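What follows is calculated from the coordinates using simple rules that are stated; it is not laboratory data. Since the structure is predicted, the reported quantities are computational estimates derived from the model, not experimental observations. Cβ coordinates were reconstructed from backbone atoms using ideal geometry, including for glycine residues, and neighbour counts include every protein chain displayed.
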Amino acid sequence: MQHIPDRPTVRELLEARAASDGDRVYCRFGEEAVTFAALDRRVNRFANALLARGIGPGDRVPIMLANHPAHLVPFFALQKLGALQVPINTHLRGAGLEYPLRHSEPRAVIADAAFAERLVPALEAVPVETVIWHGDAVAGGLDFSVLLASGSDAPPAVPGPGPDDVVSISYTSGTTGPPKGVMVTDKMFRCAGRATILMGDVRPGDVMFLWEPLYHIGGSQVMVTALVQDIEIALFDGFSASAFWGQVRASGATQIHFLGGVLQILLRQPPDARDREHRVRVAWGGGTPAAVSRAFTARFGIPVHESYGMTEASSMTSINTEGRTNNMGRPAPYFEVRVGDEEGRSLPLGQSGEIQVREREPGLLMKGYFKNPEATAAALKDGWLHTGDLGCLDAEGYLTFRGRLKDSIRRRGENVSAWEVEHVVIGHPGVEECAVVGVEADVGEEDIKLFVKAAQGHTPAPHDIIAWCAKDLARFQLPRYVAFIDDFPKTATHRIRKDWLSRAIDDCWDREAEKA
């Protein structure tokens with residue numbers, strides 16, 4: 001079994017690499033190359049500047065930054081201090097943005113000025129003592145670059161977190177309530193970084209093409225991978241299908257990551273004589289149908305490695321590096337997986353049930369959900385993480401994913417809580433009741449279908465409902481389809497029977513068709 005050691009911590013890994021490989025490039029972003037020594041120096045300066053302003057161990061600091069080298073600085077600086085970063089999805093707005101700010105009770109916020117139009121109103125609703133802006137100046141806040149220049153180059157005079165200390169609170173979309181803050185430890189981050197090595201068969205000299213937002217654990221874990229393996233990160237500010245292969249070639253990338261519909265989108269690009277002119281050895285990620293994986297490999301000559309996982313279990317639980325289709329592989333060596341019922345009893349091989357995960361060594365499952373003991377107790381039972389996902393195991397230990405037990409929709413790599421969308425829609429004056437379900441998507445895992453029962457005397461138009469939602473929901477949370485219904489099917493306790501709602505997409509209004 002592969003062991004995840006307690007030491008060195010993330011802080012210790014960075015300081016060791018800066019001492020031994022200071023001139024080695026850690027990350028490239030366009031023409032900018034960031035060495036280990038330069039990164040550690042910036043991190044120390046920023047950490048010391050925060051410490052001088054009273055921000056230190058145990059404090060919670062939301063980070064709303066895009067993908068750029070400055071994002072690396074607070075990520076590592078907060079870990080050096082033993083403070084807790086709260087990664088914020090940069091697409092959030094309105095009530096969706098206010099919730100993690102209010103719930104995490106932050107001491108400070110660090111954000112790109114580009115997001116000020118959305119973030120400032122949220123901060124008016126949820127005042128925070130210290131706001132640090134990266135980029136253009138914003139009234140009432142501190143300047144990131146000025147703060148960075150003010151700190152000492154010496155390591156901050158605090159011990160930093162231990163392996164089991166919480167270093168991040170990552171809010172994941174809820175299913176029957178608001179988002180839950182996953183408490184991620186130092187050891188979990190390092191486990192996720194090592195999981196990348198297993199997943200991608202990562203070797204010294206590899207170049208990781210990193211487009212995924214750093215607020216996702218799938219992005220941030222690569223930052224840790226580069227501390228434990230001799231690789232480089234080629235960081236990009238997002239995914240662009242048209243620019244993708246040019247960026248891959250220019251960066252010399254040998255590893256690419258995918259989520260949701262990324263591989264489908266790349267396959268939809270016009271065939272090119274240079275489709276196989278690249279250095280990529282592996283594409284790794286999750287959420288791609290087997291037929292798409294086969295087509296991707298046939299066209300681009302790149303094997304596809306699939307995984308199953310979640311933030312609550314250090315990102316990756318099972319790994320398929322063998323090219324077997326229609327399954328998520330076997331459990332990582334430090335996890336045990338079973339398929340069980342609600343009481344935690346294992347089900348026979350081949351029978352579908354809830355995917356449940358147990359660590360083979362301590363410290364690899366989340367500490368719980370921040371300020372949510374009820375959700376923690378429901379998820380962690382007798383040492384097993386109850387994922388809320390449906391799957392089955394075969395006789396060889398391979399896991400097949402069968403969907404989600406929980407009321408969540410996976411849309412283009414993002415988890416969308418039906419509750420969150422419904423909570424916004426029901427505030428529309430023309431809506432009496434509503435329900436959201438996932439339906440088959442032409443790109444990615446699922447699209448969002450909204451059912452509406454109009455309030456008496458109202459006839460709301462679909463595009464008006466979407467405009468209402470856009471005030472408080474991110475773009476990926478907006479329903480694509482809207483269907484009107486006279487009455488919802490209900491249980492005896494008056495809960496809407498979502499399993500009785502139509503998943504058809506030809507009986508309703510289509511936002512994409514209207515745009516066309």
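Label-to-label distance for Gln269 and Ala125 is 3.8 nm, based on points extended 7 Å past Cα in the beta-carbon direction. Under a model in which nothing but the beta-carbon of Lys, Arg (+1) and Asp, Glu (-1) is charged, region 201-329 shows a dipole of about 440 debye around its Cα centre. A Förster radius of 22 Å combined with the Cβ-Cβ distance from Ala16 to Ala250 puts the calculated FRET efficiency at roughly 0.10. For region 113-179, rounded, prolate or oblate, judged on the Cα gyration tensor with a ≥ b ≥ c (square roots of eigenvalues), a/c < 1.5 rounded, else prolate if a/b > b/c? Cα axes put region 113-179 in the oblate bin.
Estimated at 0.36 nm per residue, the fully extended path between Lys381 and Gln456 surpasses their Cα-Cα distance by 22.5 nm. Expressed in units of 2.2 N^0.38 Å, where N is the residue count, the Cα radius of gyration of region 239-323 is 1.09. In region 432-513, Rg over Rh equals 0.96, where Rg is the alpha-carbon radius of gyration and Rh the Kirkwood radius from pairwise Cα distances. Taking a ≥ b ≥ c as the square roots of the Cα gyration tensor eigenvalues, with a/c under 1.5 meaning rounded and otherwise prolate when a/b beats b/c, else oblate, which class fits region 31-107? Judged from the Cα gyration tensor, region 31-107 comes out oblate (a/c at least 1.5, b/c at or above a/b).
Close Lys pairs in the chain, defined as Cα atoms under 22 Å apart and 8 or more places apart or on different chains, number 27.
Sorting the segments 353-361, 286-294 by their residues' average number of neighbouring beta-carbon atoms within 10 angstrom, most packed first, yields 353-361, 286-294. For region 378-450, the fraction of C-alpha pairs farther apart than 17 angstrom is 58 percent. Using the rule -39500 (n - 2.57) for each DSSP H run of four or more residues, divided by the residues of the chain, the 222 nm mean residue ellipticity is -8500 deg cm²/dmol. Net length available on complete extension from Val158 to Arg24 is 45.6 nm, with 0.36 nm assigned per residue and the Cα-Cα distance removed. Rounded, prolate or oblate: pick one for region 186-284, where a ≥ b ≥ c are the square roots of the eigenvalues of its C-alpha gyration tensor, a/c under 1.5 means rounded, and failing that, prolate if a/b is larger than b/c, else oblate. Cα axes put region 186-284 in the prolate bin. Once every Cα of region 84-152 carries one equal point scatterer and solvent is ignored, give the base-10 log of I(q)/I(0) from the Debye formula at q = 0.16, 0.25, 0.29 Å⁻¹, two decimals. Rounded to two decimals, the profile gives -0.52, -1.21, -1.52. With N as its number of residues, the chain has a Cα radius of gyration that, divided by 2.2 N^0.38 Å, comes to 0.97. If you take all other residues with their beta carbon under 11 Å from the beta carbon of Gly427, and give Lys and Arg +1 and Asp and Glu -1, the sum is -1.
Placing a pseudo-label 7 Å from each Cα along the Cα-to-Cβ vector at Ala504 and Ala52 gives an inter-label distance of 6.7 nm. Find out how many positive minus negative residues lie around Pro331, taking Lys and Arg as positive, Asp and Glu as negative, among other residues whose Cβ is under 11 Å from that of Pro331. So the environment of Pro331 carries a net charge of +2.
Counted over the chain, the DSSP beta bridges are approximately 60% antiparallel. Fully extending the segment from Asp341 to Lys515 would add 58.2 nm, taking 0.36 nm per residue of separation and subtracting the current Cα-Cα distance.
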